[in-house]
1. Residues of the stretch 147-173 being open to solvent by 10 Å² or more (accessible area, probe 1.4 Å), away from ligand 1 (no atom under 16 Å from the Cβ) and not basic (Lys, Arg), which ones?
2. Does the stretch 665-677 contain at least one residue that is touching a residue at least 12 places away in the same chain (Cβ under 8 Å), part of a loop (DSSP other than H, G, I, E, B), open to solvent by 30 Å² or more (accessible area, probe 1.4 Å) and of a type in the set (Asp, Glu)?
3. Out of all the residues in the stretch 539-580, which are within 13 Å of PHE614 (Cβ to Cβ) and assigned to a helix (DSSP H, G or I)?
4. Among ARG77, ARG127, ARG55, ARG69, which is at negative phi, in contact with a strand residue (DSSP E or B) (Cβ under 8 Å, 6 or more places away or on another chain) and of a type in the set (Lys, Arg)?
5. Looking at ARG20, is it at pLDDT 95 or above and away from ligand 1 (no atom under 16 Å from the Cβ)?
6. Output the residues belonging to the stretch 209-264 that are open to solvent by less than 10 Å² (accessible area, probe 1.4 Å), within 11 Å of ligand 1 (Cβ to nearest atom) and in a strand (DSSP E or B).
7. Considering only the stretch 174-185, I want to know if a residue exists there that is more than 9 Å from ligand 1 (Cβ to nearest atom), assigned to a loop (DSSP other than H, G, I, E, B) and at pLDDT 95 or above.
8. Pick from the stretch 615-652 the residues that are acidic (Asp, Glu) and in a strand (DSSP E or B): which of them is modelled with the lowest pLDDT?
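The values are calculated or read from the model by the stated rules, or taken from the named source; none is laboratory data. Bear in mind the structure is a predicted one, so any value in this text is a computation, not a measurement. Please note: Cβ atoms are built from the backbone with ideal geometry, for glycine as well, and neighbour counts cover all protein chains shown. With ligands, DNA and RNA removed, areas are computed over all heavy atoms of the protein, side chains included. Shrake-Rupley method; radii C 1.70, N 1.55, O 1.52, S 1.80 Å.
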Amino acid sequence: MYRVLKFGGSSVARATAMSRVLDIVEKEAEKGCVVLVSSAISGCTDALLSGDTERLKDMEMRHRDIVTRLFTGEERRKVQEKIDGIFKQMYQAPEDEKVTFGEILSTTILEAKLKAEGWKTKWLDSRELVIKDDEPQTFKNISQAVNGADMYVAPGFICRDKNGKISTLGRGGSDYSAALYAAALNADSLQIWTDVPGIMTTNPKQVSAARTIPRMSYQSALEMALHGAKVLYAPTVAPAMEARIDIEIRNTFAPDGKFTVIGAEPDPTRWIGVASEGGKIRVVGTAPADDAVTAAKNALKEAGIAAKKISADGNSLNVEVREAVLDKALRALHRAFFQVMPVREINLFIAGDGAVAKALCAIIEQSAGTVKERTGKQLRIVGRANSRKWGIDVCGNPQLDREGDYIDAILTQAPQGAIFVDVTDSETIYKRYVELLEAGIGIVSSNRRSFAVPYYDYAAMHAAARENGAALRYETTVGAALPMLESITRGTNSCDEVLSIEAIVSCTLNQILGDYRPGSETFASLVRKAQAAGLTEQDPRLDLSGKDALRKLIILAREAGVQLEEEDVEIVPVVPQELFQGSVEQFYHGLEAYEPQFAKQARQAESQGFRRRFVAWLEKDGKGYKAGIGLKNVPPVHPAYHLRGTENAIIVRSAFHPYPLVIQGPGEGAREAASSILNDILR
Ligand code: ADP
Ligand code: ASP
Ligand code: MG
């Protein structure tokens, strides 16, 4: 029938706070006999320990102020007299006993107020009842002392040691006092009232995202308390646990809000909270923590923090960091272990079944876990199609068993936020883009044919995307995984003006020109090899004619805000135009015959210290922009001089910058293209 309620320093810091305490206590008194245990008013214990006259005077003022506000008339005078008397005793007390007076002061005021309100109260002198390190005697003393009143008020923190000397239970010890009173009386309820809504996943003063833990075991509460969660004084747990009394941690300033119940039941969650003390952090858990070391490492790495130590210790993790980054580390670990990001599902409808499509599906499958963890996005392939058949399955396992129009099916079945992924090389599929965008379906495409269309069509797609809030991304169309388009768009968005672009973006020609040495293997033979290696288009003339580079140049130019059309670009093919007529075999014959001339040009360039590169270029001149594609001799200072194999590069000069932006790197490969598409999907 006893209910023990303990209030901490901030819960009794002022008259208004004390009034709240009394409200809570009086409400609780309807359910049983209340034992009110209180700390000293906040700051008082520190002031008493400091012995600083100024601070002690300030404490006198604060107590006087509380008395003035809580009492009137004769009562006020009497209580004030008592308080003055206690301060006097304090000043006369031995140095090491001064600290024990804070709790006497606060409880004297609380008891007087309850009495004034008509309660039959009794003040319990914890200095006589609580014997340090002797629980049996303490319990006997308390159970004998508690009788004859409706309500009891007892100072926390203070006690007597076994030698009879007045002492304390240690800083924060009032929680423990309350547990001792509760255990001694076999109380129905033990409530620790403080300034936060219970034990939280971490200290809310350091991490604002901290959440209240509704239920936890004695063991976990003890772990949190032992490693720095000051909200509960660690020795409090044992007496409550032995007496099988639940401990409630509640917020004085939001009495009906969230709170924590600590009890005998096992914890309902794997991870409990993050506590910290000094530079040491403890992530408290309920199952062996060995497998969580990597997650903690990654979380810190992502936050840019080098941990001094991360190790599993039973069910918990120990982490050591420099003091200076403690709060940042706490936030990072808290985020990783306790902030479940809302997962957003992204449904993908893929069109195309070539090497890139296969690589994309493989990457998505492989990286699903990491992607979800890092971005909170869950990718699911719900539609697939080749040029003949398609399948849609909302559960993510589409089979290619349907005929007819895939895009019509997507338009009727795609859920919110879906993305259509075009990894085909269809010349006509772009005509459906606007419909998809208008249905709110995003488009990610690696199909450059879709964007080297007449400017009118290109602009319509962008307008549809903008107006319907749908994504339209195609970074992969130039330079595979290299961020070429994005780099140009960023400049355009911020009013920088492109003065020139040089794009060395034909993988096939970069490889062939790089390998070509006049006098050794012929140009024709190198083209044949490239074709056999699958490096060229089916008809290698498409690469040599500059058609592919043309598409890329158009896309780059448009990204720079230049409305370039095919016919604006002057193309000089690598070999004379006449060779492009007839069959592929005839073309190779023509190429063999052309070898002496080709070799001569190459020798000439070499003798002047140049290398030959196939360059697509755009340049601003007086009237507007000029554009062309063809072989250029580049000197050693030119960034393209050093390109290797199938590497791509763009060199962008702009109005804002004295030196060009150069992006160079692997420009082809199914894996590269797939990773670029994935990034477009996730953006
Ligand atoms: P009281 O004076 O009521 O005993 P304390 O200052 O001793 O209060 O303990 C409450 C404080 O504990 C909170 O203000 C909070 O800053 C700190 N704290 C540290 N860790 C936690 C945690 N995991 N959950 C809640 N509070 C915590
Ligand atoms: N007043 C004591 C302290 O400040 C005990 C407590 O508040 O629990 O440590
Ligand atoms: Mg405390």
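1. If the condition is that a residue be open to solvent by 10 Å² or more (accessible area, probe 1.4 Å), away from ligand 1 (no atom under 16 Å from the Cβ) and not basic (Lys, Arg), then ASN147, GLY148, ALA149, ASP150, ASP161, ASN163, GLY164, ILE166, SER167 are the ones that fit.
2. Yes: one or more hits.
3. Matches in the stretch 539-580: ASP543, LEU544, LYS547, ASP548, ALA549, LEU550, LYS552, LEU553.
4. Only one candidate qualifies: ARG127.
5. No, not satisfied.
6. MET216, ILE249, THR260
7. yes
8. In this case the residue turns out to be GLU647.
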